[in-house]
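The values are calculated or read from the model by the stated rules, or taken from the named source; none is laboratory data. Quantities reported herein were computed from a predicted structural model and do not represent experimental measurements. A quick note on method: Cβ atoms are made from the backbone with ideal geometry, for glycine too, and the neighbour counts reach across all protein chains shown.
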Amino acid sequence: MVPRKRSLSSLFRDARLFYFKEAILLAKYGKETDAKWQKKWEDTGLYKFNRDRVDKKFYCLAMFSYPSAANLHVGHWWNFGLTDSYARVKRMQGFEVFEPMGFDAFGLPAENFAIKTGVHPRDSTQQNIATMRGQLRTMGAMFDWDYEVVTCEPDYYKWTQWLFLKLYERGLSYRKAAPVNWCPSCNTSLANEQVDGTSCERCQTEVTKKHLTQWFFKITHYAEALLAGLEKLAWPEKTKTMQKNWVGRSTGASIRFAVADSTAEIEVFTTRADTLFGCTYMVLAPEHALVDLLTAPERRGEVELYRDYVNKQSEIDRLSSTHVKTGVFIGAHAVHPLTGDQLPIWIADYVLATYGTGAVMAVPAHDVRDFAFATQYGLPITRVIGGATPEVDDAVPFVEDGILVSSAEWSGLTSATARERIVEQLVTNNQGRATINYRLRDWLVSRQRYWGAPIPIVHCDTCGIVPVPENELPVLLPYNVDFTPDGQSPLSKSEEFLRTPCPQCGIEARRDTDTLDTFVCSSWYYLRYPDNRNASAPWDPSLINRMLPVDMYVGGPEHAVMHLLYARFITHALCDMGYVNFTEPFKALTHQGIILGADGEKMSKSKGNAVSPDAYIDIYGSDVFRLYLQFGFNYLEGGPWSEDGIKAVARFVDRVERLADRVGELGRGARPQSLGPAEREVEYVVHNSIKSITRDIETFGFNTCISRLMEILNSLGRYDTEAAPKHAGFMRDSFAQFIRLLAPFAPHLAEELWAKLGHKNSVHLQEWPQHSEAALVKDTVELAVQVNGRIREKILVPSDVEEEAIKAVALTAEKVAPFLAGMKIHKVIVIKGSLVNIVVKPE
RNA sequence: GCCGAGAUGGCGGAAUGGCAGACGCACUUGACUCAAAAUCAAGCGUCCUCUGGAUGUGAGGGUUCGAGUCCCUCUCUCGGCACCA
């Protein structure tokens, strides 16, 4: 075991000692090369994170993965391997890169596998993790396994439970009875974010509603902070937009309507207070709490019938916008707050109990849904907004802003002004107020499944809900449990787990038998990584505040409103509680695309189009596989797998090795005193590549990085065959530069060739090359000469020549002349280093 | 329906408003070979009257000396949201 605290120089010394030992250089790159260097890197602790250099830290994180039984798939390589190449560049650039790895190990697949095969989730998960660890090592990434995190281990979930308790103390975790999303196939409740339209995000089964008492995290408390925090994040705009939409902030007014012959009031939320005078009826959601109270006796039968009918409708039907709206009058009337008119109160399935107040003021003239409903049931339609200009098509429903009409003293105002003025009046009358509504719902975290972190709560008949004291954590997940899914929490069937003395009164009580959503486990793992062995606290703030935020986070876009929103919420909450001093955990974010099967379909075993990395690695070695992934696709887009592509990359590696042999044959000749044209040409390509790669790696443009490497190789190959005289020293230096640039992208191959060049230390301890602008200035440049934007000629001019001289050459160029005949030269535009455009008009 | 992203050779994909197609794949031709593979060299958008010219980045308009790139309209593809008051 390598001690953790090591200075860079001691690392360097160890590495040197090791590298001084005679290295067996292999004839040709392949998996043996991989194995050899992986062992050396591990033995020398080459990639161990050095805490002494935390001020230079670069926390590079790829979303950890679920441990699966099979070998690594293309997606793992794509995410982890390429992120590693990015991190390697950062490391060569002088950063102390922190690149940990771990496993999101709780969750349904292991439990479902157990139900099918009888293998306990703990056993299968541990087995899978062992397999994956081994597999991940063959990738040759810089993972520092000293910092591994496994979420299903008690030393991790102890702190997941701690997190739950802290949120509970703070009032951010609470229990309530509510209709919740229920997946009949997974047999558990789900959070809103985990329902994809109307189906379960995991298994695509259509979700139903179930009335349950469950634990929620009060993410809505952070709605505003989560929106504001997005501003400063270097995240894809698309992802930020998705989060914004998910939070769904909408500004409007809350208006209270009195009910005739009743003390009850109906509160509605509206973004269109300007249309208040057009309100001709009220609608409550069928589930609204006031329905029972307000329904007239003679309407009760019909109302009950209707509520039953709505109950039986499936979610998918009710939410469909093509669904024909239905509803019934409940026999009561509301009073318009400004006119005193009596407005019939209806219940209808188009009003959602879960948004706003579950009630709306219906303005059929200015809302498409109210319009459809009013038309269908013959309710009055009163127009109160006119088009701002006569050209506006003002058929009803007219949903745009305009000028108020038939609205008492507010007539003539614009919608925007009226919204403010009408609310002011309502405030004066104590009938309403300006308010903001969010679409975001609190995060339901209870799951009626076995393989998760137990909720650290005890239910006591006398004391009620009692949190498990911190010093009694973790609440261990018992091993022997019947986890056949039947909708009951498996833990409720375990007597040994269930029964426990109440921490407060000591009388026998019952533990909470639900487990936490696995998204809770993954909402804080990035905080545990740097301090993963801390037994007395989830982390040491003095360390974490220096290690975080994550500098680059890489993972799939499918987590945009799940994991990424949850993690931000938890960090905001932890900051408020003083456990960390930052609110945003992920400074920068990159979403990788998806590698599809050769048929363009998503890879899957059932489709038979899955590509096994192992087969290719066996033949070509892991760097060839990694290089192909880097070269063959745009990282942000992905694309279909191609067999031909990987052969092309294997060929590139062959050529690199042949060139290395040539460099060996040529020996260590001197560098030329001054560079000749042939050398200048090579220098140009090398430095142009350094500049491009350094820039492109920042945006994960691996494909163009590899292209630039190929250009260097082509250039050196040309130099080798064509230059006379040829300078061995120059060739060797240029090749060494190439190997440095290659190192992050093909770490084993580069290491092998670096050793072959006679170097005694690792190429991965080298500094990243810097380009020289001087090398990018060519002696002569080729300029395109255009006449009216069309290329007519190409001229060679010295690069330092003045604009006037360029014009002169261009105007007298042989093939240009015919196009100038009989024309008047209007102007001549010179773009240095690129082109000349002669603008002419007929004389 | 609303919001967002995208459309470039036979294919994967490049191009701070400045020579479209970098870098590759596939293909064609040549060299080497008894032959094949490998390798090396050359060619490779389309069309024509072919040492040249015209045309060309989903379609149509516009701005500009100059547009794949900026603006408008449309088509299609992909993502997200969707009775959210």
Is it the case, given these coordinates, that A:ILE806 is surrounded by 12 or more Cβ atoms within 10 Å (Cβ to Cβ), modelled with pLDDT of 85 or more and not in a strand (DSSP E or B)? yes
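Among the residues of region A:356-371, count how many are part of a helix (DSSP H, G or I) and either near RNA strand B (Cβ under 7 Å from one of its atoms) or under 20 Å from A:TYR438 (Cα atoms) (or both).
Residues that pass the stated criteria total 1.
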Would you confirm whether or not region A:689-702 contains a residue that is more than 16 Å from RNA strand B (Cβ to nearest atom), closer than 19 Å to A:ASP84 by Cα, in the same structural domain as A:ARG651 (by TED's automatic domain parsing) and modelled with pLDDT of 90 or more? no
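Sort out which residues of region A:245-289 are among the small types (Gly, Ala, Ser), within 13 Å of RNA strand B (Cβ to nearest atom) and either touching a Lys or Arg at 6+ places or on another chain (Cβ under 9 Å) or farther than 20 Å from A:THR220 by Cβ (or both), and write them in order of number.
From region A:245-289, those among the small types (Gly, Ala, Ser) are A:248, A:250, A:252-254, A:258, A:260, A:262, A:264, A:273, A:278, A:285, A:289; that's our starting set.
Retained after the next criterion (residues that are within 13 Å of RNA strand B (Cβ to nearest atom)): A:248, A:250, A:252-254, A:273, A:278, A:285.
Selection gives A:GLY248, A:SER250, A:GLY252, A:ALA253, A:SER254, A:ALA273, A:GLY278.
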Taking region A:827-843, which residues are among the β-branched types (Val, Ile, Thr) and closer than 20 Å to A:THR780 by Cβ? A:VAL830, A:ILE831, A:VAL836
Does A:GLU169 satisfy being of a type in the set (Asp, Glu) and buried (at least 17 other Cβ atoms within 10 Å of the Cβ)? no
Could you figure out which of (1) at pLDDT 95 or above; (2) closer than 16 Å to A:THR138 by Cβ; (3) polar (S, T, N, Q) isn't true of A:ASN71? (1)
Could you name every one of the helices (runs of 4 or more DSSP H) located completely within region A:97-170 that has at least 3 residues being free of Cβ contacts under 8 Å to residues at least 40 places away in the same chain? A:108-117, A:121-137
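To keep it simple, each residue is scored yes or no on (1) more than 14 Å from RNA strand B (Cβ to nearest atom); (2) surrounded by fewer than 17 Cβ atoms within 10 Å (Cβ to Cβ); (3) of a type outside the set (S, T, N, Q).
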| residue | (1), (2), (3) |
| --- | --- |
| A:PHE745 | no, no, yes |
| A:ALA750 | yes, no, yes |
| A:ALA755 | yes, no, yes |
| A:SER762 | yes, no, no |
| A:VAL777 | yes, yes, yes |
| A:VAL781 | no, no, yes |
| A:LEU796 | no, yes, yes |
| A:GLU802 | yes, yes, yes |
With the condition kept exactly as written, say whether any residue in region A:214-224 is surrounded by 16 or more Cβ atoms within 10 Å (Cβ to Cβ), assigned to a strand (DSSP E or B) and modelled with pLDDT under 90. no
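In this structure, does A:VAL396 turn out to be more than 26 Å from A:TYR309 (Cβ to Cβ), at pLDDT below 90, buried (at least 17 other Cβ atoms within 10 Å of the Cβ) and among the hydrophobic types (A, V, I, L, M, F, W, C)?
Taking the combined requirement at face value, the residue satisfies it.
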Restricting to region A:50-98, name every residue that is buried (at least 23 other Cβ atoms within 10 Å of the Cβ) and over 25 Å from A:ASN634 (Cβ atoms). A:TYR59, A:PRO67, A:PHE98
Meets criteria (within 11 Å of RNA strand B (Cβ to nearest atom) and at negative phi) for A:SER674: no
Which ranges mark the strands (runs of 3 or more DSSP E) fully within region A:227-346 that have 2 or more residues being without any contact (Cβ under 8 Å) to a residue 40 or more places away in the chain? A:327-335
If A:ARG792 meets every condition in (1) crowded, with 18+ Cβ neighbours inside 10 Å; (2) charged (D, E, K, R); (3) assigned by TED's automatic domain parsing to the domain that holds A:ALA650 apart from one, which number is that one? (3)
Subset of region A:184-213, residues away from RNA strand B (no atom under 16 Å from the Cβ), touching a Leu at 6+ places or on another chain (Cβ under 7 Å) and part of a strand (DSSP E or B), comes to A:SER189
